[in-house]
Ligand code: ARG
């Protein structure tokens with residue numbers, strides 16, 4: 001009989017029971033459930049609501065059960081419906097009456113909200129660590145390829161040359177913003193609903209703060225109705241994951257392009273490439289494509305929870321049981337994507353010569369030629385027009401700006417001097433962009449200082465997150 005079976009004469013048939021059960025999903029929260037029960041029982045004993053002897057029996061029973069699940073030696077029974085009842089029923093089988101006192105002053109509604117928040121904290125912390133790992137890798141690759149220059153693009157057309165380091169650090173900052181979103185998702189989850197009971201609080205003299213601290217929460221939720229029905233903290237997790245997946249998919253797309261024979265800017269290591277079952281010559285960027293493709297399911301999980309929560313009246317509704325699967329899936333997906341991306345970027349070969357020779361096409365110094373004239377006093381709009389004509393001339397001759405004989409420049413404007421060659425030099429073009437946040441080596445070195453400061457700050461933030469109950473591996 002179910003733990004709630006007292007008022008029933010009939011039972012639910014097996015397929016319906018399976019339909020209602022969340023055990024296949026929430027059994028992965030067994031460590032959070034047990035930590036929550038330990039904190040609750042300790043607080044009940046401290047408040048004199050259960051005896052010290054009952055607490056001891058409960059605590060040792062729960063620890064035993066946890067060790068068994070950790071070891072993969074626990075047989076879950078779907079008839080138990082969810083992890084909360086599976087553990088409580090087993091505890092009672094083992095220790096008898098004391099087990100039946102564990103649920104005093106508690107409901108599955110505050111229990112599941114507590115477990116889910118503890119799990120969200122563990123998942124988000126893992127993601128923060130994986131995010132930092134990828135950011136460190138981007139910095140290392142930027143640092144190791146300081147001199148590499150490639151054509152920066154707009155509209156996927158050659159625009160102006162940029163340092164590869166600058167390009168990679170653009171991704172560094174995207175992931176740094178993602179870290180901030182993760183950190184705020186962690187904070188959103190970091191409040192205890194326990195003690196809210198079913199919806200209205202309880203008549204037992206609970207010490208909610210003591211139980212919250214024992215589980216590693218920094219605060220308690222001030223409204224019991226909100227506490228049992230709020231899943232915003234999961235939406236924050238989903239949104240952080242979705243934006244990060246979007247950033248990863250952009251980087252993945254560049255990796256796919258750059259590793260093609262058309263670009264040839266990078267060569268992926270064999271350990272992050274796959275072959276074809278029919279074409280012997282193929283080396284495919286499957287893992288980059290898969291990271292790009294995983295974005296869809298992560299967005300889907302965000303959408304699913306938004307829709308699930310829409311229009312729910314206060315307080316708990318069984319719809320909320322649909323909250324955990326997507327969150328676990330998105331967190332696991334992102335963890336994998338982040339670590340595969342770090343491995344792929346960290347081991348790819350950078351073909352700096354190929355990048356540099358790509359700068360020979362697309363007139364990437366054209367803006368600098370116009371700037372040259374503007375610096376000699378010509379209004380920029382006029383200079384733009386003249387250089388546009390020179391580019392047209394290049395296209396007719398099928399050559400680049402620096403292939404044009406000096407006479408063509410001189411004919412276009414008397415302001416052109418022999419030093420125009422300097423304006424066309426790719427290194428000089430890059431080195432000239434010294435504005436803060438620009439691509440000049442000096443500006444990028446300055447940026448690198450900001451990068452390092454932000455890394456140190458975010459590493460310290462993770463180290464200071466406090467106690468987090470790790471996800472169990474045994475279920
Ligand atoms: N398995 C449920 C969930 O995941 C636990 C809470 C059930 N509460 C209830 N009153 N039916 O949401």
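The rows are residues; the columns are (1) without any contact (Cβ under 8 Å) to a residue 12 or more places away in the chain; (2) closer than 19 Å to residue 109 by Cβ; (3) part of a helix (DSSP H, G or I).
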| residue | (1), (2), (3) |
| --- | --- |
| 30 | no, yes, yes |
| 41 | no, yes, yes |
| 45 | yes, no, yes |
| 54 | no, no, yes |
| 59 | no, no, yes |
| 64 | no, no, yes |
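When 260, 276 are checked against the criterion of being in contact with a strand residue (DSSP E or B) (Cβ under 9 Å, 6 or more places away or on another chain), surrounded by fewer than 22 Cβ atoms within 10 Å (Cβ to Cβ) and free of Cβ contacts under 8 Å to residues at least 24 places away in the same chain, a single residue qualifies: 276. Could you say whether any residue in segment 142-151 is crowded, with 21+ Cβ neighbours inside 10 Å, in a helix (DSSP H, G or I) and away from the ligand (no atom under 16 Å from the Cβ)? Yes - at least one qualifying residue is present in segment 142-151. Within segment 68-79, the presence of at least one residue that is in contact with a helix residue (DSSP H, G or I) (Cβ under 8 Å, 6 or more places away or on another chain), within 14 Å of the ligand (Cβ to nearest atom), assigned to a helix (DSSP H, G or I) and in contact (Cβ under 8 Å) with a residue 40 or more places away in the chain is confirmed.
On the given criteria, is residue 410 in a helix (DSSP H, G or I), out of contact with any strand residue (DSSP E or B) (no Cβ under 6 Å at 6 or more places or on another chain), without any contact (Cβ under 8 Å) to a residue 24 or more places away in the chain and more than 30 Å from residue 246 (Cβ to Cβ)? Spelling it out, residue 410 is indeed in a helix (DSSP H, G or I), out of contact with any strand residue (DSSP E or B) (no Cβ under 6 Å at 6 or more places or on another chain), without any contact (Cβ under 8 Å) to a residue 24 or more places away in the chain and more than 30 Å from residue 246 (Cβ to Cβ). Considering the conditions (1) farther than 30 Å from residue 424 by Cα; (2) without any contact (Cβ under 8 Å) to a residue 60 or more places away in the chain; (3) more than 16 Å from the ligand (Cβ to nearest atom), residue 319 is excluded by exactly one of them, (3).
For segment 302-310, the count of residues that are in contact (Cβ under 8 Å) with a residue 24 or more places away in the chain and either over 30 Å from residue 111 (Cβ atoms) or crowded, with 20+ Cβ neighbours inside 10 Å (or both) is at least one. Among the residues of segment 190-198, is there at least one that is away from the ligand (no atom under 16 Å from the Cβ), touching a helix residue (DSSP H, G or I) at 6+ places or on another chain (Cβ under 9 Å) and over 30 Å from residue 33 (Cα atoms)? No, segment 190-198 has no match at all. Residues that are at pLDDT below 95 and assigned to a loop (DSSP other than H, G, I, E, B) within segment 274-311 comprise 275, 276, 277, 278, 279, 280, 281, 282, 283, listed in sequence order.
Out of everything in segment 199-222 that is closer than 28 Å to residue 311 by Cα and touching a residue at least 12 places away in the same chain (Cβ under 8 Å), what residue ends up being surrounded by the most Cβ atoms within 10 Å (Cβ to Cβ)? Steps first, please.
Let us first name the residues in segment 199-222 that are closer than 28 Å to residue 311 by Cα, namely 199-202, 219-222.
If we keep only those that are touching a residue at least 12 places away in the same chain (Cβ under 8 Å) as well, we get 199-202, 219-221.
Working: 199: 16, 200: 12, 201: 17, 202: 17, 219: 13, 220: 19, 221: 23.
Among them, the one singled out is 221.
Taking the criterion of being closer than 16 Å to residue 152 by Cα and within 27 Å of the chain's Cα centre (by Cα), the residues of segment 260-283 that qualify are 265, 266.
Right, residue 103: in contact with a helix residue (DSSP H, G or I) (Cβ under 7 Å, 6 or more places away or on another chain), within 14 Å of the ligand (Cβ to nearest atom) and not in a helix (DSSP H, G or I) or not? Taking the combined requirement at face value, the residue satisfies it.
The values are calculated or read from the model by the stated rules, or taken from the named source; none is laboratory data. If you're wondering where the values come from, they're calculated on a predicted model, not measured in any experiment. Ideal geometry is used to build each Cβ from the backbone, glycine not excepted, and the neighbour counts take in all protein chains shown.
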